[in-house]
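FYI, it's all coordinate maths here, none of it is from the lab. All values reported here derive from a predicted model rather than from experimental measurement. Cβ placement follows ideal geometry from the backbone for every residue including glycine, while neighbour counts extend to all protein chains displayed.
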Protein chains: 2
Amino acid sequence: MDSAVLVGELADKARKAARSLSTASGTERKAALEAIAQALEARSSEILAANEFDMIAARAEDMHPQMQDRLLLTDSRIAGMADGARQVAALPDPLGRTLKESTLPNGLHLRQTTVPFGVVGMVYEARPNVTVDAAVILLMSGNAALLRGSSTARNSNEILINVMKDALATTSIDPEVLQLIPSDDRSTVKALLTARGRVDLVIPRGSAQLIRMVVDEATVPTIETGAGVCHVFVDEFADVAKALPIVLNSKIHRPSVCNAAETLLVHKAIAPTFLPLALKALTDAGVALHGDSTVQKVAEKFGITSTPAIEENWSTEYGILEMNVAVVDSVDAAADHIAKYGTNHTEAIVTENQANADRFIALADCAAVMINASTRFTDGEQMGFGAEIGISNQKLHARGPMGLEAMTTATWIVTGNGQIRI
Amino acid sequence: MDSAVLVGELADKARKAARSLSTASGTERKAALEAIAQALEARSSEILAANEFDMIAARAEDMHPQMQDRLLLTDSRIAGMADGARQVAALPDPLGRTLKESTLPNGLHLRQTTVPFGVVGMVYEARPNVTVDAAVILLMSGNAALLRGSSTARNSNEILINVMKDALATTSIDPEVLQLIPSDDRSTVKALLTARGRVDLVIPRGSAQLIRMVVDEATVPTIETGAGVCHVFVDEFADVAKALPIVLNSKIHRPSVCNAAETLLVHKAIAPTFLPLALKALTDAGVALHGDSTVQKVAEKFGITSTPAIEENWSTEYGILEMNVAVVDSVDAAADHIAKYGTNHTEAIVTENQANADRFIALADCAAVMINASTRFTDGEQMGFGAEIGISNQKLHARGPMGLEAMTTATWIVTGNGQIRI
């Protein structure tokens, strides 16, 4: 069958089934998540067996060990998914919250309240846990889910969807609210991205390449996630005792994730004291450095290895132990650099001067500004959201970590007793 | 110059100037709006003279009288624009509002606060008042404005932009935050819609055709506005004394606007009593009717003129005194019809039964649901927003009338004293 037709039919089926969600109470949606958690635990051996098929193929294809690790399911990872479902069920119900309320002089009562989007698509890579994590967040926020995972996780995704659908069949929620989009070829991704009017939102989760493709090809609304070229700016008024651990933690704590820092910017006034310390500490920690001309001179003077940064370094999300270092003249110059090369994700300033912090906040133009803290704190769990479906890089709708609330939209309920416009 | 290059340069100029806005206090932005209001009043004769050039061309081209009326400026309309600027200045400052705030166990302080988008584009038709209305809303919300009006309003738009820029030159705000995009040919619209990374948001305001083009061609984020195929559903438990005025008001009060109703849905149980009354009242008011087969039988029986509705009628936004009428079996059947033909704008139910109202709310999937009130109340001014930049038809970011708040995004400000992730 043509992919556009197939995806359109799955979307329509999901939308029809979604009425069982939009009319369900919070208690009913929580019960559905508990049923899913129990089913995952009860059927873990089936899930592991299916996952082993994917792992055999992955090993045969010599998949990168890090990717194999992401694909692998274990008893404790399945327990983790079940726990995740229960944690989401324990969060405050995101639906029916009153955002605004008023009564007009003519007696009309206005209430703006949260409602589901409707049908939400997810496009993601070979991480089967996303299949469950996304499904439970979308169900709890009242949305039907069209899940398009990777073909390399096909067997794992199929059993997980089947287990969740069987669990829903024991509840008031129509199992058809969950749909796995076939991953045989790329055409189903394209079909999902262009199902305008049938899919309300598509969220990509994965590599910068995947996200770029989604943004370029989509005619349905999307939320751009993930890309992070984050900076740490050490201001002239920085406390060096705070600056050094923040720089190190931002770079080396978990270099593969989007909130890791890629570039260190140092104010020229503090560079003579701070730069030698920072360069040494970073290289001691195994970080390969790319410096601007000033940094190169300092590195040379202190016998520290650093290669001259080329233009493309400044906009590269390394994901590994590499870091750019530059010296800047002012807060504004730091903001200029960030405006040119940043991705509007997380920017940190280390300073004891509130006026400089405030100016940095006003100019940084990003989802999260860290004042004297590591960039690594831009994270749904760290920020206390309880669940995260991704980190939005865009300015529309949701910015930064997205939890249950970000998966809702709003409706005005206007109640009258016959009012007309005069 | 190539349009993409030109628009890119104007966007960059606007973004640079926008720093004078993102670092300005609310008092400074209010002062800028007051300066604009005074300048509009002081230079009204210049504005009228420029507008007369556009009007001469419009008359020579035999422009539709209704469009000529939209293009025309008068002393009282200029006073209205100045008043509008003062009203926006009097609203609560949309920037720096705290949306969420908490302190984590590790001492990190989190505050989510409203900030400007940055550079916002508007694409609109030959209504010079939009040039001022949009500019003041965008300035007050801290955004630079790229305004792409119609070439038929070129002289009016140019003088209005010059008057506003001259006014800004007397304040702390850089006049370059306002940029008029040349309207000589369509290529500048396309350039604005694809200036990804240089323009943060584009809002179209105008015909369904314009909005469709924007949504199809844009790679920058957009907010879809305006299209309204709105329905009034008269439930079996409707109070006829409320239903009749609501139906009439929704259709005839101002048929050209997006919150006017296009289709009347009547529950079969109330149809025998309500339908003859409604059809007669509508035709008496000059409304041409398109009925389904049941409606056609009733119309024939009572000697009322109605043509059989064809498929395309149900999804047509007439904008004039025409209306579709259908009989449905239930609340769910009404919702099915709305899901198939509606535009997620405004849907009304007339009923005295709360359970039916609640089910309609859960299924209507739109920006505003009216319970026993006219569809005409979906309006920023009516709803008490004080200013409106358009009515969003989409589910991302803003739904329904958009005021100052909808022109902001959010940033997390995370303040620590050296915290790192462990």
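For this structure, a couple of remarks:
- Relative to one another, the C-alpha centroids of the stretch B:51-71 and the stretch A:333-358 are positioned 50 Å apart.
- Global geometry of the stretch A:51-199, whether rounded, prolate or oblate, following the gyration tensor of its Cα atoms and the 1.5 cut on a/c: prolate
- A Gaussian network model of chain B, with springs between Cα atoms under 10 Å, assigns the largest mean-square fluctuation among B:Gly400, B:Gly26, B:Gly286 to B:Gly286.
- Note on A:376-384: average number of Cβ atoms from other chains within 10 Å of each residue's Cβ is 4.
- Annotation: amide H of B:Thr222 within the under-5 Å range of B:Val202, sequence separation 5 or more or interchain, hydrogens built in the peptide plane.
- Per-residue [θ]222 nm for chain A (sum of -39500 (n - 2.57) over DSSP H runs n ≥ 4, rounded to 500): -13000 deg cm²/dmol
- Residue-wise HN-Hα coupling along the stretch A:128-139, computed from phi with Karplus coefficients 6.51, -1.76, 1.60 (Hz; x: Gly, Pro): x, 4, 4, 4, 7, 4, 5, 4, 6, 5, 5, 5
- Each Cα pair under 8 Å and six or more residues apart adds its separation to the average, and for chain A the resulting relative contact order is 18 percent.
- Phi to ³J(HN,Hα) by Karplus 6.51 cos²θ - 1.76 cosθ + 1.60 over the stretch A:3-19, Hz, x for Gly, Pro: 4, 5, 5, 4, 5, x, 5, 5, 5, 5, 4, 5, 5, 4, 5, 5, 4
- For the stretch B:55-63, 3J(HN,Hα) per residue [Karplus equation, 6.51 cos²θ - 1.76 cosθ + 1.60, θ = phi - 60°, Hz, x = Gly/Pro]: 5, 4, 5, 5, 5, 4, 8, 6, 4
- Proximal charge balance of A:Ala167 [Cβ under 12 Å; K/R count +1, D/E count -1]: -1
- Segment A:Asp75-A:Thr307, extension gain: residue separation times 0.36 nm, minus the distance between their alpha carbons: 79.0 nm
- Of all chain B residues, the one whose Cβ lies closest to the rotation axis that maps B onto A, given with that distance rounded to whole Å, is B:His397, 2.
- Taken residue by residue and averaged, Cβ atoms of other chains lying within 10 Å of the Cβ of A:404-415 number 6.
- Qualifying GluC sites (Glu not before Pro) in the stretch A:320-415, DSSP loop, other Cβ atoms within 10 Å at most 16: A:Glu352, A:Glu381
- For A:Gly291, nonlocal amide neighbours, meaning residues 5 or more places apart or on other chains whose placed amide H falls under 5 Å from its own, are A:Thr307, A:Ala309, A:Val325.
- Point-to-point label distance, B:Ala281-A:Thr27, nm (Cα→Cβ direction, 7 Å offset): 4.0 nm
- Averaged over residues, the count of other Cβ atoms within 10 Å places the peptides B:93-99, A:391-397, B:241-247 in the sequence A:391-397, B:241-247, B:93-99, highest first.
- Under a 5 Å amide H cut-off, with hydrogens placed 1.01 Å from N, B:Phe237 pairs with B:Glu352 among residues at least 5 apart or on other chains.
- Label distances, nm, A:Asn353 versus same residue in remaining copies, Cβ-directed 7 Å point: 7.0
- Its Cα centre serving as origin, the protein assembly as shown has a Cβ charge dipole (Lys and Arg +1, Asp and Glu -1) of approximately 740 debye.
- Using R0 = 45 Å, the C-beta based FRET efficiency linking A:Lys190 and A:Ala42 works out to 0.75.
- With label points set 7 Å from Cα along Cα→Cβ, the inter-copy distances at B:Glu381 are 5.3 nm, sorted shortest first.
- Here A:Lys297 is the anchor, and the lysines within straight C-alpha reach of less than 17 Å, apart from those fewer than 8 places off in the same chain, are A:Lys268, A:Lys280.
- A simple charge model with +1 on the Cβ of Lys and Arg, -1 on the Cβ of Asp and Glu and nothing else charged puts the dipole of the stretch B:230-382 at about 400 debye relative to its Cα centre.
- Put simply, the convex hull of the Cα atoms in chain B casts, on average, a shadow of 24.8 nm².
- Packing-based exposure ordering (other Cβ within 10 Å, fewest first) of B:Glu262, B:Glu300, B:Glu176: B:Glu300, B:Glu176, B:Glu262
- Our note on the geometry: Cα centres of the stretch B:88-156 and the stretch B:371-419, 11 Å apart.
- Distances between copies at A:Gly303, taken between label points 7 Å from Cα along the C-beta direction, are 11.1 nm in increasing order.
- Ignoring aspartates and glutamates fewer than eight residues from A:Lys301 along the same chain, the ones with Cα atoms less than 18 angstrom from its Cα are A:Asp284, A:Asp292.
- Along its first, second and third principal axes, ordered by size, the stretch A:230-382 spans 38, 31, 29 Å in Cα coordinates.
- Cα shape, the protein assembly as shown, gyration tensor, a/c 1.5 rule: oblate
- Filtered GluC sites (Glu not before Pro), the stretch B:25-133: DSSP coil and at most 14 other beta carbons within 10 Å: B:Glu61
- Among B:Val130, B:Val240, B:Val120, the residue with the largest mean-square fluctuation in a Gaussian network model of chain B, with springs joining Cα atoms closer than 10 Å, is B:Val240.
- Contact order, relative form, for the stretch B:230-382: 33 percent (alpha carbon pairs under 8 Å, 6 or more residues apart, mean separation divided by residue count).
- Per residue of A:240-246, other chain Cβ atoms within 10 Å of the residue Cβ number 2 on average.
- Student exercise, the stretch A:223-286 dipole from Lys, Arg, Asp, Glu Cβ charges, in Debye to nearest 20: 160 debye
- Ranked packing of B:183-191, A:356-364, most packed first, by mean Cβ within 10 Å: A:356-364, B:183-191
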